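Reading through the structure tokens given below for one structure.
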Amino acid sequence: MKLVILESPYAGDVEANVEYARRCVADSLRRGEAPIASHLLYTQPGILDDNDPEQRRLGIEAGLAWLPVAHLSAVYTDRGISPGMKYGMDLARRYGVPVELRSLK
């Protein structure tokens, strides 16, 4: 299985973005991949508070720490590309990890 870092928006309309991210994870799994969607994992109650800038930074950095072992960064674009997603894409390219733009439509 390919190890995939999944990028999709989180901030803003959090409820709609979480539902979208879940659909993206399901899409990645159907492709035979092993996705990590850190924005779904680390923002669960009792883990990190995305509204606290320091905790948000920690969550982003923890998710991107997977880049050295990732085979792909899958960027789901139906809801736009956020600054956090752009940061992840740029870092993936610096690590030599391919970035693939995807849509569920």
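The values are calculated or read from the model by the stated rules, or taken from the named source; none is laboratory data. Please read these numbers as outputs of a predicted model, since none were measured by experiment. Here the Cβ positions follow ideal geometry from the backbone for every residue, glycine too, while neighbour counts run over all protein chains shown. Just so you know, the surface numbers come from the protein's heavy atoms only, side chains and all, with ligands and any DNA or RNA stripped out. Shrake-Rupley method; radii C 1.70, N 1.55, O 1.52, S 1.80 Å.
Output the residue which, of all residues in the range 6-25 that are in contact with a strand residue (DSSP E or B) (Cβ under 9 Å, 6 or more places away or on another chain) and part of a helix (DSSP H, G or I), is surrounded by the fewest Cβ atoms within 10 Å (Cβ to Cβ).
Looking at the filtered set, the residue picked out is 23.
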Can you name the number of the only condition in (1) of a type in the set (Asp, Glu); (2) without any contact (Cβ under 8 Å) to a residue 12 or more places away in the chain; (3) open to solvent by less than 70 Å² (accessible area, probe 1.4 Å) that residue 54 fails?
(3)
Among the residues of the range 34-59, count how many are farther than 18 Å from residue 85 by Cβ and either among the acidic types (Asp, Glu) or assigned to a helix (DSSP H, G or I) (or both).
4
Anything in the range 26-48 that is in contact with a Lys or Arg (Cβ under 9 Å, 6 or more places away or on another chain) and either touching a residue at least 40 places away in the same chain (Cβ under 8 Å) or loosely packed, with under 15 Cβ neighbours inside 10 Å (or both)? List them, or say none.
27, 28, 31, 32, 33, 34
Regarding residue 79, is this residue open to solvent by 90 Å² or more (accessible area, probe 1.4 Å), over 12 Å from residue 7 (Cα atoms) and either touching a Phe, Trp or Tyr at 6+ places or on another chain (Cβ under 6 Å) or in a helix (DSSP H, G or I) (or both)?
no
Pairing a residue in the range 84-97 that is over 15 Å from residue 38 (Cβ atoms) with any residue that is assigned to a helix (DSSP H, G or I) and open to solvent by 20 Å² or more (accessible area, probe 1.4 Å), where Cβ atoms lie under 7 Å and the two sit 6 or more apart in sequence or on different chains, gives 95/68
